[in-house]
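A quick write-up on the structure given underneath.
The values are calculated or read from the model by the stated rules, or taken from the named source; none is laboratory data. Quick caveat: nothing in here was measured; it's all calculated off a predicted structure. Using ideal geometry, Cβ is built from the backbone for each residue, glycine included, and neighbour counts are taken over all protein chains shown. These accessible areas exclude ligands, DNA and RNA; they are computed on the full protein's heavy atoms, side chains included. Shrake-Rupley method; radii C 1.70, N 1.55, O 1.52, S 1.80 Å.
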Amino acid sequence: MHILFVADPLASFKIYKDTTFAMMREAQQRGHHVLACEPHDIVWQSGHKVTTRAQRIRLTGEADAWFEVQGVDEHLALHSVDAVIMRKDPPFDSEYFYATHLLEQAEREGAQVFNKPAALRDHPEKLAILEFAQFISPTLVTRDAQAIKNFHAQHQDIILKPLDGMGGMGIFRVKADGLNLGAIVETLNRDGAQTVMVQKFLPAIAQGDKRVLVIGGHVVPYCLARIPQGGEVRGNLAAGGKGVAQAISPRDREIAEALGPVLAARGLLLVGLDVIGDCLTEVNVTSPTCFQEIFDQTGCNVAALFIDALEAAVRR
């Protein structure tokens, strides 16, 4: 197969932990052809197909110069490759939104895109949990500062977060004393101009914010618990959390098996569920990670499971 990865700049990859790199490596090992572009390379002109400027790359196996460009297709039609993998990291901003529309047009022309562009738009990673309220902790989504203060008065210990953050960015904890609650609300909701998610604090974060992966509707048997370090409330690896791979718990499996088939049917080949204790906290669909950490610690080759699912999806 010819597989086109739409991703961040290749030079920015930290290949010792990058999941897109793990996907590329597994694909190349199976004899597939790997191509790469960035979202800004994708072009549509009326009367023509959606195209991109794509690099044909070969992974070298080296740690530093980890890829070499074997050629550049200046006007590659997306429908001409076997699979397009959308792996651009958040934020899910206007440019990301526009990219999903270009990818959806490519689908109408015959391209197979994973995850499906419409499904990316329909599942904002924090808001997507609201559909599955039976699995989440007490949660409020609002612009109203007073509603946030009332939620704090009820639950005493809360987490506040922006809806467009990633890697733990912009997350605050406010304990029972309410210290700085007003200032935090002003910062996050910008005097009512921006929506905020507020959740009851879950003490189980001390045991880790678990990333549970679902591929093609099936649950990966190991997850990565991202454990906060040094007094941090955030377990995100980008915020200094320690990643500990472990077998998924019965509750993890219950949540993943309930959501997996539903999300797969909507065109989400790869999903990363965030679970703290017994509660679902996020549904990650843009560029779920943790493949390499799980493989390094358990030997479970998550990239192989993903390429298996990709090959099956393309055949279908």
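A few comments on the model shown:
- With respect to the stated conditions, Gly217 is more than 16 Å from Lys126 (Cβ to Cβ) and either touching a residue at least 40 places away in the same chain (Cβ under 8 Å) or among the acidic types (Asp, Glu) (or both).
- Screening Ile57 with (1) open to solvent by 30 Å² or more (accessible area, probe 1.4 Å); (2) over 16 Å from Ala106 (Cβ atoms) gives one miss only, at (1).
- Among the residues of segment 1-31, those that are over 11 Å from Phe67 (Cβ atoms), touching a residue at least 40 places away in the same chain (Cβ under 8 Å) and not hydrophobic (A, V, I, L, M, F, W, C) comprise His2, Asp8, Tyr16, Lys17, Asp18, Thr19, Thr20, Glu26, Arg30.
- Flag for Glu282 being of a type outside the set (A, V, I, L, M, F, W, C) and under 17 Å from Leu224 (Cβ atoms): yes
- Residues of segment 146-172 satisfying the condition of being assigned to a helix (DSSP H, G or I) and of a type in the set (Val, Ile, Thr): Ile148
- Here Ala245, Ala204 are screened, and the one residue that is touching a Ser or Thr at 6+ places or on another chain (Cβ under 7 Å) and over 19 Å from Glu125 (Cβ atoms) is Ala245.
- Check on Cys300, modelled with pLDDT of 95 or more and at positive phi: no
- Subset of segment 27-47 (residues that are open to solvent by less than 80 Å² (accessible area, probe 1.4 Å) and part of a strand (DSSP E or B)): Val34, Leu35, Ala36, Cys37, Ile42, Val43
- Where a residue in segment 119-136 is of a type outside the set (A, V, I, L, M, F, W, C) and surrounded by 20 or more Cβ atoms within 10 Å (Cβ to Cβ) and its partner, wherever it lies, is assigned to a loop (DSSP other than H, G, I, E, B) and modelled with pLDDT under 95, with Cβ under 6 Å and at least six apart: Lys126/Leu163
- Comparison of Gly110, Gly71 shows that the only residue that is open to solvent by less than 30 Å² (accessible area, probe 1.4 Å), farther than 20 Å from Leu270 by Cβ and not aliphatic (A, V, I, L, M) is Gly71.
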